[in-house]
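Asks: Here it is, the structure, as structure tokens.
The values are calculated or read from the model by the stated rules, or taken from the named source; none is laboratory data. Since the model is a prediction, treat every value here as computed from it, not as a measurement. Glycine also receives a Cβ, built like all others from the backbone with ideal geometry; neighbour counts cover every protein chain displayed. Note: accessible area is taken over every heavy atom of the protein model, side chains too, but ligands, DNA and RNA are not part of it. Shrake-Rupley method; radii C 1.70, N 1.55, O 1.52, S 1.80 Å.
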Amino acid sequence: MDDRTIVQVTAWIKCYLTPFIFRGFRLRWAEVACRLNGQVIWVAKLANKRILLGVTGSIAAYKSAELVRRLMDVGATVQVVMTEAAQAFVTPFTLQTLSGRPVHCALMDADAEATMGHIEQARWADLIVIAPASANFTARLAQGRADDLLSAICLASAAPLAVAPAMNQQMWANAATQANVAMLVERGVTLLGPAVGEQACGDVGAGRMLEPDQIVAKCTEQFETGVLAGCRVLVTAGPTQEDIDPVRYISNRSSGKMGFSIAAAAAEAGALVTLISGPVSLDTPARVSRIDVRSAEQMLAAVQAYEAPDIVIAAAAVADYRPLQVATQKIKKQAGSAQLSLEQTPDILATIAENRGDMFVVGFAAETEHLEKNARIKLEKKSLDLIAANWVGGERGGFDSDENALTVLWQNGGVELPMAPKEKLARLLIEIVAERFDAKNSTENS
Ligand code: PMT
């Protein structure tokens, strides 16, 4: 089979089979297609991104079905929320079938609130896209209304908001609409379009919704901040395993999710990222180089072999102790209790910070008590530029969960990042790291 045939066969499978195939499997196919063809023909640019797609009452709502598919094609998880008027143009069932998730429509829906309530949806989203955004919904958004599900979610969310207007050209040109749009842009809302052309009503002018592919491209841009463009960033993640004998080891419950999300966010921000990971079962984020290690000793060696990073972020849960001696044979069970003598592992972060040069060093603090006090002690003791402290153990624990909350501290300052999905938290942390990194460089150069 030559390359062209492979692409054609892949396109055929995508076209005819994907509506029936589980979404994750579809994404695998995309990756396989990339490899078979020997070049990148499909990149999951929105992998791990949660897009809340708001559909409002406009004839362009028929294009939302295509938009859902296009967003999913590039890896996004799409949650559709519809206004009542939107349902006159496209059915929730259509969008539910395509997105593979229940579509939410009503604010006062006891069942929906019990599963994923409006506040939870507002927190869930990495990006809210309103496409199409009718003149009426744009006005309601500008007023900050919360009298239907979609407007309430927009009001309750800290996620970036993008609107793709779709309306008659005269409605778009109206001073009221223009004032509403200007107000939204002033508040940081991203305007996607509208396009100029022939309209469903026969008019010609500005007011057409952008095409789904154009909206997807703009959504992708939202995540590519470029705040770390060209920086060399080293991230450590996951647990370490310290051998007791050939079959047993000491370790902890770190899943690597926090560190992997940070590596992904740094790559999105334009950095050249190397991720040094302990044993985890996670896929390597796009555009990240990964080195796998097992023990603290190996992690230290890998970190030291990496020459002059601009920024180091140590999210790994390195074992503090290891057995003084590793038994060469499996230790046999004996009557009574057994003792294990332990010694300290090398402190990787402290070693990096000692020989830092211009490097910007970020540590983590995993605490079960006195979070801020203990984190500040680590900040000072290990001479860090910044520390991200989180609770571990118990219900609000950051270990092995999909969500976390961070208290980010630096000398004479700090900020709280409330509970959120780790991917989202990582992006916020990277924004702060970039800001502090720039501030440090400008102070040193002045
Ligand atoms: O992996 P997840 O399941 O997503 O969970 C995320 C997390 C809870 C592991 C993560 O958010 C976190 O807190 N990582 C740091 C865990 C830790 O070891 O904290 P610590 O307070 O014991 O260590 C302080 C700092 O020193 C850390 O940056 C750690 O990487 C570093 N350290 C610790 C010991 C050691 N021998 N060498 C080190 O470099």
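Asks: Can you pull out every residue in the stretch 351-368 that is more than 7 Å from the ligand (Cβ to nearest atom) and either touching a His at 6+ places or on another chain (Cβ under 8 Å) or open to solvent by 30 Å² or more (accessible area, probe 1.4 Å) (or both)?
Replies: The answer is 351, 354, 355, 356, 357, 358, 368.
Asks: Does residue 375 satisfy the criteria of being among the aliphatic types (A, V, I, L, M) and within 7 Å of the ligand (Cβ to nearest atom)?
Replies: no
Asks: If only one of 420, 405, 426 is within 15 Å of the ligand (Cβ to nearest atom), within 24 Å of residue 160 (Cβ to Cβ) and open to solvent by 30 Å² or more (accessible area, probe 1.4 Å), which one is it?
Replies: Numbers: 420 fails: open to solvent by 30 Å² or more (accessible area, probe 1.4 Å); 426 fails: open to solvent by 30 Å² or more (accessible area, probe 1.4 Å).
Just one listed residue meets the conditions, 405.
Asks: With respect to the numbered conditions (1) more than 11 Å from the ligand (Cβ to nearest atom); (2) farther than 20 Å from residue 258 by Cα; (3) touching a Ser or Thr at 6+ places or on another chain (Cβ under 8 Å); (4) small (Gly, Ala, Ser), which one is the sole condition not fulfilled by residue 338?
Replies: Single failed check for residue 338: (3).
Asks: Next question, about the same structure. Which residues, counting only those in the stretch 361-376, are farther than 13 Å from residue 406 by Cα, not in a strand (DSSP E or B) and not hydroxyl-bearing (Ser, Thr, Tyr)?
Replies: 369, 370, 373, 374, 376
Asks: Looking at the stretch 378-388, which of its residues are more than 7 Å from the ligand (Cβ to nearest atom) and either touching an Asp or Glu at 6+ places or on another chain (Cβ under 6 Å) or assigned to a helix (DSSP H, G or I) (or both)?
Replies: Result: 379, 380, 381.
Asks: Just the residues that are assigned to a helix (DSSP H, G or I) and open to solvent by less than 80 Å² (accessible area, probe 1.4 Å), please, taken from the stretch 196-254.
Replies: Passing the criteria: 212, 215, 216, 217, 219, 220, 222, 223.
Asks: Next question, about the same structure. Taking the condition at pLDDT 95 or above, of a type outside the set (S, T, N, Q), open to solvent by less than 20 Å² (accessible area, probe 1.4 Å) and not in a helix (DSSP H, G or I), does residue 142 pass?
Replies: Criteria not met by residue 142.
Asks: For the subset of the stretch 302-331 comprising residues that are open to solvent by less than 60 Å² (accessible area, probe 1.4 Å), outside any strand (DSSP E or B) and of a type in the set (Gly, Ala, Ser), which member is farthest from residue 264 (Cα to Cα)? Step through it out loud before you land on a result.
Replies: Our first condition is that a residue be open to solvent by less than 60 Å² (accessible area, probe 1.4 Å); within the stretch 302-331, this holds for 302-303, 306, 309-319, 322-323, 327.
Filter again for outside any strand (DSSP E or B), leaving 302-303, 306, 309-310, 315-316, 318-319, 327.
Still in the running and of a type in the set (Gly, Ala, Ser): 302, 315-316, 319, 327.
On the way: 302: 19, 315: 13, 316: 15, 319: 24, 327: 38 Å.
Among residues in the stretch 302-331 that are open to solvent by less than 60 Å² (accessible area, probe 1.4 Å), outside any strand (DSSP E or B) and of a type in the set (Gly, Ala, Ser), the one farthest from residue 264 (Cα to Cα) is 327.
Asks: Testing residue 396 on (1) open to solvent by less than 50 Å² (accessible area, probe 1.4 Å); (2) more than 10 Å from the ligand (Cβ to nearest atom), one condition comes back false. Which one is that?
Replies: Here residue 396 meets the rest and fails (1).
Asks: Name the single residue that is nearest to the ligand (Cβ to nearest atom) among those in the stretch 258-267 being open to solvent by 10 Å² or more (accessible area, probe 1.4 Å) and touching a Gly at 6+ places or on another chain (Cβ under 9 Å). Outline the logic, then answer.
Replies: Residues of the stretch 258-267 open to solvent by 10 Å² or more (accessible area, probe 1.4 Å): 258, 260-261, 264.
The next check asks that each one be touching a Gly at 6+ places or on another chain (Cβ under 9 Å); those that pass are 258, 260.
Values: 258: 3, 260: 8 Å.
Ranking the qualifying residues of the stretch 258-267, first place goes to 258.
Asks: Ok, one more. Taking residue 190 as meeting all but one of (1) surrounded by fewer than 22 Cβ atoms within 10 Å (Cβ to Cβ); (2) among the polar types (S, T, N, Q); (3) out of contact with any Pro (no Cβ under 8 Å at 6 or more places or on another chain), write down the number of the exception.
Replies: Condition (3) is where residue 190 drops out.
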